[in-house]
Amino acid sequence: MAAIRRSLRISWVLQKLLLGALSRTICLLPEREALFLGSRIGDLLRILLPKKRRIIRDNLARSDLVLAERESPQTFERKVFRHFGIFGAEFFRMKILSDEMVREKFSPGGWEGLEHLREVLGQGHGAIVFSGHIGNWELVIRRMAIDFPGRTCTVIRPIKNPAVHEFVEHHRLACGGGRSILSSMGARPLVRALSSGKILNVVIDQSAGAEEGEFVPFFGRLACTYSSLARLSLCLNIPVIPALSYRLPDGTHHRAFFASPIRPILDLPKEEAVYSLTALYTKFIEEAIRTHPEQWIWMHRRWKTRSPSVSTPL
């Protein structure tokens, strides 16, 4: 057992060093060459990770998403891997981007609806912004930190690989996107952050355990979705703001917008309100994904948790 732990620690150290070396290499390249390299890394990962390819195809088979005309599942999965390869290159490059360069990524007209966030902040407390793993959510967080310096926090779940988790958390903080708050720490640090006027960024499109979530419709079937966001909104009587980003066809610019706040439902029994709010949040994310399906994290087992109403294994 000790030998296994030692081997794992060595592996994590090597992975961290590899991530650092890759980050430095990508930052040395001009932007378009760096993003092109990212897309080729995506192609390589598609070959090296057959399990992830199977998950993408399985998710497509389970969902009611209709692919574009003449687009095969193989073509679609290639687009997904390339998107996340480019996303990775963009994430590495954030440390060399000035605030003005980040602003330029969302221009012209690619940064919309900020009045909704200002409205909620104007009520004398912090704000909760939710989104999904679509587009480049990390770049959006960095852009928000420019408009609201010192106020952004990101609620995260630990990445299974400690080396990757440490690298991502440190990189996000170093790039100015604000600190991370582990969801496993419970509600207290979230309430404390909101009471001090912080903006909490939350992504809610990953599979939850049956004891942690609600089974709500998602792409034509039930998906267990974290209900903590709805519970926090109800407990504090704070609206939450849907946000979305996606990469534009030119490959280097992005569009992001903040939608009208979804207010807590106070005229229903608590558990009914939790379900209804979680379903509303999930519907927003689904509609966003349908617009740009290749920019969502299809390699995640979104329907992993089995619904009690389903008799066959997922």
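A short reminder: the numbers here are calculations on the coordinates, not readings from a lab. The shown structure was predicted, so the numbers you read here are calculated from the model rather than taken from an experiment. When we count neighbours, we look across all protein chains shown, and the Cβ atoms used for this are built from the backbone with ideal geometry, even at glycine.
When you count, for each residue, the other Cβ atoms within 10 Å and take the mean per peptide, how do 21-34, 218-231 rank with the highest first? Mind dumping the intermediate values first?
Numbers: 21-34: 14.1, 218-231: 21.0.
Answer by packing, highest mean first, reads 218-231, 21-34.
Mind ranking 240-248, 35-43 by how tightly packed they are, going by the mean number of other C-beta atoms within 10 angstrom, highest first? Could the numbers behind the result be given before it?
On the way: 240-248: 22.3, 35-43: 18.6.
Answer by packing, highest mean first, reads 240-248, 35-43.
Using a Cα-Cα cut-off of under 23 Å, which lysines could be cross-linked to Lys270, ignoring same-chain neighbours fewer than 8 residues away?
In chain and number order, the partners are Lys283.
Sorting check: for 147-155, 197-205, which peptide has the highest mean count of neighbouring beta carbons within 10 Å, and how do the rest follow?
On the way: 147-155: 18.2, 197-205: 22.3.
The most tightly packed comes first, giving 197-205, 147-155.
Treating cross-link reach as a plain straight distance, find the aspartates and glutamates whose alpha-carbon is under 13 Å from the alpha-carbon of Lys52, omitting any fewer than eight places away in the same chain.
List returned: Asp43, Glu77.
Mind sorting out which of (1) 20.1; (2) 16.4; (3) 17.7 is the real mean projected area of the Cα convex hull in nm² computed from the coordinates?
Matching the structure shown: (3).
What share of the DSSP beta bridges in region 2-295 is antiparallel, in percent to the nearest 5?
Bridges in region 2-295 that DSSP calls antiparallel: roughly 45 percent.
With label points built 7 Å along Cα→Cβ from the Cα atoms of Glu33 and Ser276, find their separation and express it in nm.
Label at Glu33, label at Ser276, 5.7 nm between them.
What is the calculated FRET efficiency for Glu71 to Ile96, with r their C-beta to C-beta distance and R₀ = 41 Å, to the nearest 0.05?
Efficiency for this residue pair is about 0.70.
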